[in-house]
Amino acid sequence: MKATNNLLITESLIDGKWISGKKTFDVNNPANGKTVAKVADLTVSEAKQAIKAANIAWKKWKDTTAAERADLLYAWYSLIIQNKDQIAEIMTLECGKPITESYNEITYGASFISWFSEEGKRSYGDTIPSSNPTNRIVTIKQGIGVVAAITPWNFPLAMITRKVAPALAAGCTVVLRPASETPLTALALGKLAQEAGFPKGVLNIITGKDSSGIGKELSTNPLVRKISFTGSTKVGRILMSQAADTIKKVSLELGGNAPFIVFDNANIDEAVKGALIAKFRNSGQTCVAANRFLIQDSIFEEFTKKLTIAVSKLKTGDGLKKDVQVGPLINKSGLEKVQEHLKDATEGGAKIQIGGHVIKDLFFEPTVLSDVSTQSLIAREETFGPVVSLFRFKNEKEAIELANNTEFGLAAYFYSQDIHRCWRVAEQIESGMVGINTGMVSTASAPFGGIKQSGIGREGSKHGLDEFMEIKYLSFGGN
Ligand code: NAP
């Protein structure tokens, strides 16, 4: 198979047709403010059409075999990999992340499609001993129906494949609404899905600026049986309450406030390497970004010095340039949040070790703040920018208390070479994912998700498929 010619698509996909709508909206490159494309600005009425189309398509799609669905998913996966150069460029243009990170995201995101193409074949039920001698009990698993998926801009490809691949593998059909900052990667995926051979209406993609109107339709329309959302806790809360009236199944992948603990017996050089990965990927704009670095008193100065040197070497710039490691922030409000957090932290006594300024437009200097107060905004909310904030702690008990002192519970990281401490701390930390001596936790084979106000449900792994399936119990009577 050869690479597909043009993946810069600006129309939405409903029932196998590309729809322009009456208006368009601009997708801008955060690195220079230039318009990358004008994309179809669809409305609630087209969202309704897409839901209807998905519901009609579901009647046939649910009766396909897992093996048939796996073949289509694998073809889609292969097309994404074959077209990775074009997709990576589109992704960097619309979200600003360094091109090497865009390539990594394509590999990571596509891996969910290959993973679930296989996992769909293993949606086993049970046979259950009955308490009644004349009855036989078995369970089967079936796709839940029409799924609405809403995704954010920070991982324009992977946040889609993590939910759409298991939904399709389970026999569900999908209406996807990608973030209006990054619809182009989503539409490229739609084009490749069509080329892979998915029947019309199985995957529908609606682009549009009216996020709350379309979101309301997707979360209240009775034909939609499940809503899967990745984004902020604030919007997750709205969708969950809107979905309550029709009792939809809900999965929420929400915000975090990840602690990154370095104990006195850690390998400090490894911890510095892990810190760079956990903090600076996508300029700090990841849900699993380390937000609070908790460093034990006795190694605070050494860690701060080594990390500051490492941060001073990071290269910031337009993500299309090959050696750039830190790109721009996504938009003005993202930049303002970083500035607000920094001002609040320094007013509360934090010291700037390096950085602290806007370089130009949406580019912010990689920054290290030390001696940050636990009362500061940075300690309570995700900063979503290239700012490391270092807090001190005295002992293990205090580190765990500080780490858990948040309503969020997505990712957490810690470094220690003491195996007993590793188990103890891992068990005490309140989060869905814990990186122990590593700054990276995401992979298709492991369950990704949060606890507390970071979300409900898991993506990836054997559990990711269950989010899109119902268990049906069959009771056979007679002898
Ligand atoms: P956001 O404001 O919640 O937006 C996420 C998506 O929801 C976008 O598509 C957005 O559309 C849409 N949206 C906004 N308001 C809506 C409404 N009232 N009803 C329905 N949809 C609505 O979040 P963001 O700022 O784009 O993304 C960053 C957040 O996502 C962070 O909190 C981050 O931690 C979280 N996140 C979590 C995970 C995870 O796996 N847990 C992964 C990635 C990101 P528009 O953009 O077009 O307005």
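Taken together, the values in this text are just the output of simple stated rules run on the coordinates, not laboratory data. Predicted model only: the values in this text are computed from it and were never measured. Cβ: placed from backbone, ideal geometry, glycine included. Neighbour counts: every protein chain shown.
Structural remarks
- Residues H420, H341 arranged by fewest to most Cβ contacts within 10 Å: H420, H341
- In this simple spin-label model, placing a label point 7 Å from the Cα along the Cα-to-Cβ direction at both I451 and N32 gives a separation of 4.8 nm.
- In the stretch 250-316, Cα pairs under 8 Å separated by at least six residues give a relative contact order of 42 percent.
- DSSP beta bridges in the chain [antiparallel fraction, %, rounded to 5]: 45 percent
- The stretch 287-375 - Debye-derived log10 I(q)/I(0), Cα point model, q = 0.25 Å⁻¹: -1.44
- The stretch 22-127: trypsin sites (Lys or Arg not before Pro) in DSSP loop, at most 10 other beta carbons within 10 Å: K22, K34
- Span per principal axis, largest first, for the Cα atoms of the chain (Å): 71, 62, 43
- Taking a straight line from the alpha carbon of K279, these lysines sit under 19 Å away, with near neighbours fewer than eight places off in the same chain left out: K97, K305, K306, K313, K315, K337, K351.
- Residue order, fewest to most beta carbons within 10 Å, for W58, W423, W18: W423, W18, W58
- Against the main long axis of the alpha-carbon atoms of the chain, helix 268-280 sits at an angle near 50°.
- Computed E for K351/N267 - FRET, C-beta separation, R0 30 angstrom, nearest 0.05: 0.75
- Charge dipole (debye, nearest 20) of the stretch 238-331; +1 at Cβ of Lys and Arg, -1 at Cβ of Asp and Glu: 400 debye
- Relative contact order (%) - the chain, alpha-carbon pairs under 8 angstrom, separation at least six: 18 percent
- Here r is the Cβ-Cβ distance between Q339 and N5 and R0 is 60 Å; the resulting FRET efficiency, rounded to 0.05, is 0.90.
- Shape descriptor for the stretch 258-443: Rg over Rh equals 0.94 (Cα atoms; Rh from the Kirkwood inverse mean 1/r).
- N395 versus R237: modelled label distance in nm, points set 7 Å from Cα along the beta carbon direction: 3.6 nm
- Only the Cβ atoms of Lys and Arg (+1) and of Asp and Glu (-1) were treated as charged; on that basis the dipole of the stretch 258-443 about its Cα centre amounts to roughly 560 debye.
- Paramagnetic reach from E68 in the stretch 440-479 [backbone N under 20 Å; point 7 Å along Cα→Cβ]: 469-470
- Cleavage-rule hits (trypsin sites (Lys or Arg not before Pro)) in the stretch 303-381: DSSP loop, at most 14 neighbouring Cβ within 10 angstrom: K313, K315, K321, K322
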